[in-house]
Amino acid sequence: MRRLRRLGGVARHGVRGGLCNLALLLALALPAAAEEVVIAALGDSLTQGYGLPERDGFVPRMQAWLDARGHDVRLINAGVSGDTTAGGAARAGWTLTPEVDGMIVALGGNDFLRGIDPATSRANLDAILGAADEAGVETLVVGLVASPNYGPDWKAAFDAMYPDLARAHGDLLHPRWFGALIEAAGGGSPQDLRPYMQPDGIHPNAEGVALIVEDIGPSVERLIDRIEADGA
């Protein structure tokens, strides 16, 4: 639930107290001013904007996308290059500061690259989402789809952890971080994705980030809707 500011004060008596109480009642009767929504994007190099000018990274581009649609939102870039789900779990607590209303969780790519047991990654993601639950913070989980490098059982377990955990915690899910690039490439062989990727073949270039933002943006808007509904 969104963290709301509380009105504080002391009881007053007599005419002065009556006037203060009347002023308070009138203030409460007026429509509440909209508060800025603060969302932390907890992720790895894909969130952090590795290899790109700052303005072309995921968080600045998403901020611009939301600004253009009139949302009073501030995104915090909590992406750390090279981070695994374990790293995300270790820093979830200090990412969820009192000002944070929502969180985008986009982790797991480095777990895949290192071949970490999906059961371990699932437990770490579960801990992150549990910390958000404890803090009363609405969350959007952004999933990844693994290649079959480690066999079908490994892939099935990895792919399933995102929808499973989002469902278990009642969180929103955007199923594929790279979904828009795969669609633009007509299916997604590594060679087909080259126009949207940096030379390392792992991180999107500026054009790729723009497509990712257009794809994930509506899911972030759903997150904002949830946050604002909680605060109503």
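Within the stretch 144-160, what residues put their amide N at less than 14 Å from the label point 7 Å along the Cα-to-Cβ vector of Ala119?
What the label zone holds, given the 14 Å backbone N cut-off, is 154, 157-158.
Net charge around Asp111, counting only other residues with Cβ within less than 12 Å of its Cβ (Lys, Arg = +1; Asp, Glu = -1)?
Neighbour charge sum, excluding Asp111 itself: -1.
When the convex hull of the Cα atoms of the stretch 81-216 is projected onto a plane and the area is averaged over all directions, what value comes out in nm²?
8.3
State the extension gain, in nm to one decimal, for the chain segment bounded by Arg167 and Glu207, taking 0.36 nm per residue of separation less the distance between their alpha-carbons.
11.2 nm
We did not get these values from a lab; they are worked out from the coordinates using the rules stated. Note that the structure is a prediction, hence the values are computed from the model and not measured. Using ideal geometry, Cβ is built from the backbone for each residue, glycine included, and neighbour counts are taken over all protein chains shown.
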